[in-house]
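Before any comments, here is the structure.
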Amino acid sequence: MQKNIRNFSIIAHIDHGKSTLADRIIQECGAVTERELGTQMMDTMDIEQERGITIKAQSVRLTYVKDGQPYILNLIDTPGHVDFSYEVSKSLASSEGALLVVDASQGVEAQTIANVYIALENDLEIIPVINKIDLPAADPDRVVEEIEQTIGLDCSGAIYASAKTGEGIRELLDAIVDRVPAPQGDEEAPTKAIIYDSWFDNYLGALALVRVFDGSIKKGQEVLIMGTGKKHQVLGLTYPHPLKPTKTNEIKTGEVGIVVLGLKNVSDVAVGDTITDAKHPTKEPVGGFKEVRPFVFAGLYPIDTDKFEELRDALDKLKLNDASISYEPESSVALGFGFRVGFLGMLHMEVVKERLEREFGLDLIATAPTVVYKVELTDGTEVEVQNPSEMPDTSKIEKIYEPYVRATIITPKEFLGNIITMMADRRGVQEKMEYLNEDRVMLVYAVPMNEIVVDFYDKLKSATKGYASFDYEPIDYREGDLVKLDVRVAGDVVDALSIIVPREKAQSRGRELVKTMKELIPRQLFEVAVQASVGNKVIARETVKSMGKNVTAKCYGGDITRKRKLLEKQKEGKKRMKAIGKVQLPQDAFLAVLKID
Ligand code: GDP
Ligand code: MG
């Protein structure tokens, strides 16, 4: 019965205790024992556990008894990172309530705010949870003030809790039952369910995690996926649980469940799509279905050129699980055959590269990440440029437009100066500056995505001793005065190293780039010129001196094992080199761009 169902999500800034709280709630509802709890259950992917982030949404169906009445609590997990904000919004759209978890010793951070806005857009009942009250540094009253101040959220009903000790958890569960509205779908209407997560299971194929809004999904039913227009039979249905999923014959109105359709490809059950009955379809899909678009692109090349097909296989397999990756083959004079891969953001890119290397044993070179430019040509046409080396010749360009993001930064006020300098240097336009309390400040900037796509987070952390938090969302395209900066090694342009930079920074970036390159290129048997150029104009130059002698020369005779070791090391080094003309470039050199300011 719908009146006994509560669907809710947990939103939090990273490390504020979302996973710990989820585990504690699961335990409190008796769904697992203390022993089973052992490791955090809600984060299942290896990389997620290591990095402590949630990439794919998980869910769990629980039973909680209050005043003798049993309630079904569906805890709908949300991905914890801004790169996945499309998935976040679909998860939140599947709930009626959200627990806003804020660390009592840290206070409101950038991702707290971003997630609350999505929750408010979805009209969710928000229950503030001030977590980690067991910490000596906890100051829950102050955090409550911060939330009211920044977000304008009424915190009179905030729950003070510790996911670690269990304090406040019962009170929280009671609040969920009392305050989160029950779902209110039409049980008699045609089936209408949103897919808010999907993934690939080796045995069952592509699985869809859905929230049913109207009607129900039954085993054996023929359903229609509205986005793809394809019809499929429901082979199985399961209530989600990280350890003990249970089978069912029907997922009813207001409920959450996993649908097995026997499909090979997750793109057939894309996040945001609507499932309905094939014979009696609902009139309109849930919400507006839109395809997720990648914002960041990079070239991925196998170090060993023979591994191109292996890389293709690996990408095909990853795609089964992560419909948001896109890729197409590209070739580079410098790097040979590889793929141009599109990602949702910077973290997504790191995760994909890491999975390719870890799960598929590939050694990869990734070129510097780049955004998508819109280029208006002199003949009136417009092209999209995802690879700097494909930027049209300047004589053909009328205007270049680049994507902007809205960046939210929260920092202790002592670092304010550093951040303002840093953002000005990155062409940021300040939109807002607001004190959260006497010593913490929130800054909002519109900034070219190009300026934050490389290394921004690390720089921000070091400018603020790790105290600042940061979040961003894409906003629009704006005209930019941009040029393509090329790097030439021994006279040849290395296509994989080209970058797009603001015209006024071309000179200084070029100088830094060749200096960094000079350090990364080992001495060769001959002198090598490293140049930076814009168009045909060379703007900076360095020389890598010739080495002349054999590396083993410095082992003056004697120690044979040392000599062998050195040769082996040299061989190992060679493997990780790429020959550009007759010059050997190490893997690192292709990331030189990431090392400059
Ligand atoms: P998430 O990134 O929001 O999922 O955060 P986690 O649940 O992974 O928690 C981050 C860190 O805070 C972990 O080391 C937890 O053990 C710790 N933590 C979570 N809740 C509490 C709490 O109530 N008290 C204390 N002292 N530590 C907590
Ligand atoms: Mg977590």
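The values are calculated or read from the model by the stated rules, or taken from the named source; none is laboratory data. None of the values given here were measured: they were computed from a predicted structure. Here the Cβ is made from the backbone with ideal geometry for all residues, glycine too, and neighbour counts use every protein chain on show. The protein model used for the area step is the full one, side chains on, heavy atoms only, and it has no ligands, DNA or RNA in it. Shrake-Rupley method; radii C 1.70, N 1.55, O 1.52, S 1.80 Å.
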Filter result for Y117 (within 29 Å of the chain's Cα centre (by Cα) and under 30 Å from G236 (Cβ atoms)):
no
For the structure I just gave you, tell me whether I452 is among the aliphatic types (A, V, I, L, M), closer than 24 Å to F590 by Cα and either touching a Lys or Arg at 6+ places or on another chain (Cβ under 9 Å) or modelled with pLDDT of 95 or more (or both).
yes
When you scan the range 465-474, do you find a residue that is of a type in the set (A, V, I, L, M) and modelled with pLDDT of 90 or more, even just one?
yes
State whether one or more residues within the range 544-566 are modelled with pLDDT of 80 or more and surrounded by 14 or more Cβ atoms within 10 Å (Cβ to Cβ).
yes
Specify the residue that is modelled with the lowest pLDDT; the eligible residues are those in the range 121-134 that are within 18 Å of I151 (Cα to Cα) and either open to solvent by 10 Å² or more (accessible area, probe 1.4 Å) or part of a loop (DSSP other than H, G, I, E, B) (or both).
E121
So V453 ticks every box in (1) open to solvent by less than 50 Å² (accessible area, probe 1.4 Å); (2) part of a strand (DSSP E or B); (3) within 25 Å of S89 (Cβ to Cβ) but one. Which box is left unticked?
(2)
Condition test on G227, is it surrounded by fewer than 22 Cβ atoms within 10 Å (Cβ to Cβ) and within 29 Å of the chain's Cα centre (by Cα)?
yes
By residue number, the members of the range 376-393 that are closer than 20 Å to S332 by Cα and either open to solvent by 60 Å² or more (accessible area, probe 1.4 Å) or acidic (D, E) (or both) are E384, E390, D393
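Quick grid of which residues meet (1) of a type in the set (A, V, I, L, M); (2) within 18 Å of S91 (Cα to Cα):
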site: G205; (1), (2): no, no
site: V223; (1), (2): yes, no
site: M226; (1), (2): yes, no
site: G236; (1), (2): no, no
site: Y239; (1), (2): no, yes
If I400 satisfies all but one of (1) under 17 Å from F297 (Cα atoms); (2) open to solvent by less than 40 Å² (accessible area, probe 1.4 Å); (3) in a strand (DSSP E or B), what's the number of the condition it fails?
(1)
Checked against (1) touching a Lys or Arg at 6+ places or on another chain (Cβ under 9 Å); (2) open to solvent by less than 10 Å² (accessible area, probe 1.4 Å), V259 satisfies every condition except (1)
For the range 194-223, which residues satisfy the criterion of being under 10 Å from D277 (Cβ atoms), assigned to a strand (DSSP E or B) and open to solvent by less than 30 Å² (accessible area, probe 1.4 Å)?
I217, V223
Return the residue satisfying two criteria in turn: it lies in the range 348-370 and is crowded, with 19+ Cβ neighbours inside 10 Å and within 13 Å of the chain's Cα centre (by Cα), and of such residues it is nearest to R312 (Cα to Cα).
V352
Are any of the residues in the range 278-297 out of contact with any strand residue (DSSP E or B) (no Cβ under 6 Å at 6 or more places or on another chain), within 21 Å of L75 (Cβ to Cβ) and surrounded by 18 or more Cβ atoms within 10 Å (Cβ to Cβ)?
no
When you go through T20, T33, T39 one by one, which is the residue that is at pLDDT below 65 and within 13 Å of ligand 1 (Cβ to nearest atom)?
T39
Out of A189, A119, which single residue is away from ligand 1 (no atom under 15 Å from the Cβ) and farther than 28 Å from R440 by Cα?
A189
Which is part of a loop (DSSP other than H, G, I, E, B), among the small types (G, A, S), within 16 Å of ligand 1 (Cβ to nearest atom) and open to solvent by less than 30 Å² (accessible area, probe 1.4 Å), of A163, A137?
A163
Return a yes/no flag: does the range 60-75 have any residue that is more than 23 Å from G272 (Cβ to Cβ), surrounded by fewer than 19 Cβ atoms within 10 Å (Cβ to Cβ), modelled with pLDDT under 70 and more than 11 Å from ligand 2 (Cβ to nearest atom).
no
Check whether at least one residue in the range 513-524 is more than 27 Å from E330 (Cα to Cα) and at pLDDT 90 or above, and report yes or no.
yes
